[in-house]
Amino acid sequence: MTVQLTAVETVSDALFTCSYLWAHGKQYSRSDLDKALHQHKDPTTRYGKLVARLNQISAMPYEELCEAGYLDTDRKQMTVARRSVLVEEIGEEEMNAWLSDVQRIHRVFPDAVAKFRTKLPLSRGSEGFDVRQDYILKHFLPAQSLCSIYGPSGSYKSFLAVSWACHIAAGKSWAGKKVTPGAVLYVVGEGGVGVPRRIRAWEQVHGKQAENLWLVNRPVFPVRESEVTEVLLAARQIEAECGVPVRMVVIDTLARCFGGNDENDARDMGAFIEGCDVIKQKTGATVLVVHHSGKDEAKGARGSSSFRAALDTEFNVKREGDGKALILTCTKMKDAEEPERKAYDLRTAELYTDEDGELLCSLVVHDEPREAKEIAPELASVSRLSDNHTALWQAIRSRTARGDVCTRTVIRDDLKAMGLDASKHFSRWLQKLVESGLVNLDGEQIHIQNLREVGEQVGR
């Protein structure tokens, strides 16, 4: 028995080009048609019949083309008429397959496709889900990001900024977390000798020189294009002199580097953010902004909320009671898990004795985390509070400070996540805070009372 093999006909690029242009209301060229006729010589095949049909159409006078509907001011009707030719010869399914063959269209019409290529960085679906998150301080400061630490005056936030800057500049791990070594540009907005003394104290404690840490001893205003240009020039100069890239630019503080604008105005804050973004993009560095909290610490950093919205990472810094220690709480981590809330002690370092015989000292953050021992000031005058009451209060304060949903169900889940058994006594714990005047309930919603009201309540 002899099996006859039938050759599978393949459409040529020339016929595909003629058909695609025809279907989209455009004129195919004589050269492409001649190539198609040469490559599909057998008039009994489907593709042979199609190219013969297109050849006949090319010979039709203008009036006949209009009469057949192949040329029409109504583009929709013209497209229907033209595509009916393809459907008659190869069928609707194959015609649609041709017209949606993106790879072939890109190959056959490279110039036309290039006209529609955007400069925007496009990706499909979940592409890039496994891209590694780079850090300049692992789990704390993402690379090439906009970050902020904020807190009230005297909260040691600038000491923390100096500590991070020194560790990155010296390539020394912080709190056991790896850093990406490089140069740091530190804008000392408040001037003075405070920051150089803190750096010297760090050098003495760690026995290392922070040679790659450079200070700008005046405010820099990212809202001004000329100032941003100077920062970029400084970064290039530092890289040329150090031989290492600038990994972080510290702006200490936002208030001193805001150029007299209104922190509460979204447009002014937008200009500040845009300047920081330019610095970040042009240098490849992380921009760390040291900022103040508002009058009500529960509401987070002061000024327009657009600043927090633009941040990749935000940390709240506050003192632990009256001692020399700070508590670091992550209030936003855009693309990773938030690090745990921890306390860090500060140690005294003796610098030198002045001409009057007075010993001058500074403080250095001891980068070994420990559990925070702080008792919130609002709880200080409330009697018979357990650790469970404190944990509940802190969970409510944390969510309120971030502007997150704060309901009984959400807070109960937060306590469970902390390892507390909130199934039996949650309502009793919450009622204690209500009776103490710290919070009030509105159905399921939990609200913190105004700080002044809280002070009046607990002071009674």
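No value in this document is a laboratory result; all are computed from the given coordinates. Predicted, not measured: the structure shown is a model, and the values here were computed from it. Note that each Cβ is placed from the backbone with ideal geometry, even for glycine, and that neighbours are counted across all protein chains shown.
Observations
- Secondary-structure-derived ellipticity at 222 nm for the chain, considering helices only, amounts to -12500 deg cm²/dmol, per-run term -39500 (n - 2.57) for DSSP H runs with n ≥ 4.
- Region 137-365: antiparallel DSSP beta bridges as a percent of all, rounded to 5: 45 percent
- Restricting attention to region 13-114, lysine pairs at least eight places apart or on different chains and with alpha-carbon atoms under 22 angstrom apart total 5.
- Based on the Stokes-Einstein relation at 37 °C and a viscosity of 0.692 mPa s, and on the Kirkwood radius from alpha carbon pairs, region 153-269 is assigned a translational diffusion coefficient of 219 µm²/s.
- Were the residues from E64 through H38 laid out at 0.36 nm apart, the gain over their Cα-Cα distance would be 6.7 nm.
- Tail beyond 28 Å, pair distance distribution of region 285-427 (Cα, percent): 31 percent
- Region 129-170: C-alpha gyration tensor shape, a/c 1.5 cut-off, then a/b vs b/c: oblate
- Full extension of the chain segment joining D277 with D130 gains 50.4 nm, where the gain is 0.36 nm per residue of separation less the Cα-Cα distance.
- Residue-span extension gain [N55 to E241] - 0.36 nm each, minus C-alpha spacing: 59.9 nm
- Centroid-to-centroid separation of region 378-428 and region 152-212 [C-alpha atoms, Å]: 35 Å
- By definition, a body whose alpha carbon gyration tensor gives a ≥ b ≥ c is rounded when a/c is under 1.5, and region 137-365 falls into this rounded group.
- Once the Cα atoms are used to define both axes, helix 225-242 deviates from the longest principal axis of the chain by about 80 degrees.
- N261/D74 FRET efficiency (R0 45 Å; Cβ-Cβ; nearest 0.05): 0.20
- Mean separation of Cα contacts under 8 Å, 6 or more apart, over the residue count of the chain: relative contact order %: 12 percent
- Antiparallel bridges, percent of DSSP beta bridges restricted to the chain (to nearest 5): 55 percent
- With a Förster radius of 45 Å applied to the beta-carbon distance between R117 and S427, the computed FRET efficiency rounds to 0.15.
- Distance histogram for region 201-318 (every C-alpha pair counted, 10 angstrom bins, percent rounded to whole numbers): 12, 42, 31, 14, 1
- Proximal aspartates and glutamates to K342, defined as alpha-carbon separation beneath 17 angstrom and excluding residues fewer than eight positions away on the same chain: E314, E320, D322, D367, E368, E371, E374, D387
- Partner lysines whose Cα lies under 20 Å from the Cα of K299, excluding those fewer than 8 positions away in the same chain, are identified as K157, K318, K332, K334.
- Shape category assigned to region 13-114 from the gyration tensor of Cα positions, a/c cut at 1.5: rounded
- Placing one equal scatterer on every Cα of the chain and applying the Debye formula, the log10 ratio I(q)/I(0) at q = 0.11, 0.14 Å⁻¹ is -0.89, -1.29.
- Degrees separating the helix 408-417 axis from the principal Cα axis of the chain, which is the longest one: 80 degrees
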